[in-house]
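The values are calculated or read from the model by the stated rules, or taken from the named source; none is laboratory data. Values in this document were obtained by computation on a predicted structure and should not be read as measured data. Backbone-built Cβ (ideal geometry, glycine too); neighbour counts: all protein chains shown. With ligands, DNA and RNA removed, areas are computed over all heavy atoms of the protein, side chains included. Shrake-Rupley method; radii C 1.70, N 1.55, O 1.52, S 1.80 Å.
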Amino acid sequence: MSDETLPMISTVERRGLLLVLSSPSGAGKTTLARQLLQSDANISMSVSATTRTARPAEVEGRDYFFKSEADFERMTEAGGLLEWAKVFGNYYGTPKAPVEVALKDGRDVLFDIDWQGTQQLGGKMGADLVSVFILPPSGAALESRLMSRNQDSEEVVRARMAEASSEMSHWPEYNYVVINSDLDESLSALRSILTAERLKRERQRGLEKFVRGIRDSL
Ligand code: 5GP
C-alpha cells in the first residue's frame, strides 16, 4: 500500500467530545466561541433554551431557543434537558437530543454554559467533557467590556459585575484556564486544546483498525 492510500489520522473514526467554555460575562467568551466555530468544521454550537428576553441582535434557534417559564418547565419535566440552571434570574438549559446525536456521529459540541451547568454535564458525560474557563486579564477590562457591550440595561450590567467575582471563583473546577488578553492568542490556545483532546488515544476509536491495516500491509 502506498502512503497516498493510507487514511490520514484525522479520518480515523473517533468519539466526539463536549467542549465547555465558561467565564464571567464580558470576558470575551462569546466572541471566542464564534471564531472557534468559524475556524473548525467539526464542532457545532449547542443552542440553549432560555427564559431570558432576546437581545436586539439575537436570533431564535441560532443564539437561543427563547421559551416561556411554563415551556421551560415542561422541557425539564419531560427530561429533554441535559442540564439546566438559573442564572441572573432566568432559566437556561441544554437540549439533550442534538448532543447525543453529535456524539454518536463523532462530532464535537461547543457549550457556552455556566459553572452549574458544567458541574451537571461533568456528572453525566464524564470523560467526554473538556472544560475551559476564560478569565479576563483584569477587573477593569471586564468592566469596560460589559459597559461597551451596550446590550443590557445599566441595572443588568451592575448585577453582572457583582456576579462576576463569584463566577470567577469556579476556575479550579475546569480542565483548562485561558486568560483572554489577546483574542487571537486565546483562539489559538483553544484550537490547541481541541487538537490535543481530539488526539487522545481513548477518543480515537478507529485506531485499532487503522494500525491493523498498516500492519497487514507490511
Ligand atoms: P447570557 O444571558 O449573557 O446569554 O448568558 C448568561 C449566562 O448563562 C452565561 O454565563 C452563559 O454561559 C450561561 N448559559 C447560557 N446557556 C446556558 C445553559 O444552557 N446552561 C447553563 N447552565 N448556563 C447557560
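Results for (1) at pLDDT 95 or above; (2) closer than 30 Å to K209 by Cα; (3) open to solvent by less than 60 Å² (accessible area, probe 1.4 Å), shown as yes or no for each residue.
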site	(1), (2), (3)
I9	no, yes, no
G16	no, yes, yes
L19	yes, yes, yes
A27	no, no, yes
T30	no, no, no
A41	no, yes, no
A54	yes, no, yes
K67	yes, no, no
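Within region 74-100, take every residue that is hydrophobic (A, V, I, L, M, F, W, C) and open to solvent by 70 Å² or more (accessible area, probe 1.4 Å) and give me the one that is nearest to A54 (Cα to Cα). Explain how you work it out, then say what you get.
First, the residues of region 74-100 that are hydrophobic (A, V, I, L, M, F, W, C): 75, 78, 81-82, 84-85, 87-88, 97, 99.
With the extra rule that they be open to solvent by 70 Å² or more (accessible area, probe 1.4 Å), the set shrinks to 78, 84.
On the way: A78: 24, W84: 18 Å.
Ranking the qualifying residues of region 74-100, first place goes to W84.
Output the residues belonging to region 74-85 that are of a type outside the set (A, V, I, L, M, F, W, C), over 13 Å from Q120 (Cα atoms) and either near the ligand (Cβ under 9 Å from one of its atoms) or in a helix (DSSP H, G or I) (or both).
Pass one, region 74-85, residues of a type outside the set (A, V, I, L, M, F, W, C): 74, 76-77, 79-80, 83.
From the residues that got through so far, the ones that are over 13 Å from Q120 (Cα atoms) too are 74, 76-77, 79-80.
Scanning region 74-85 gives R74, T76, E77.
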Notebook entry, point to check: How do the pairs read when you match residues in region 19-47 that are without any contact (Cβ under 8 Å) to a residue 24 or more places away in the chain and at negative phi with residues anywhere that are surrounded by fewer than 21 Cβ atoms within 10 Å (Cβ to Cβ) and not hydroxyl-bearing (S, T, Y), using Cβ under 9 Å and keeping only pairs 6 or more apart or on different chains?
Noted result: R34/M45
Notebook entry, point to check: Mind checking which residues of region 173-218 are within 18 Å of D105 (Cα to Cα) and touching a strand residue (DSSP E or B) at 6+ places or on another chain (Cβ under 9 Å)?
Noted result: L194, E197, R198
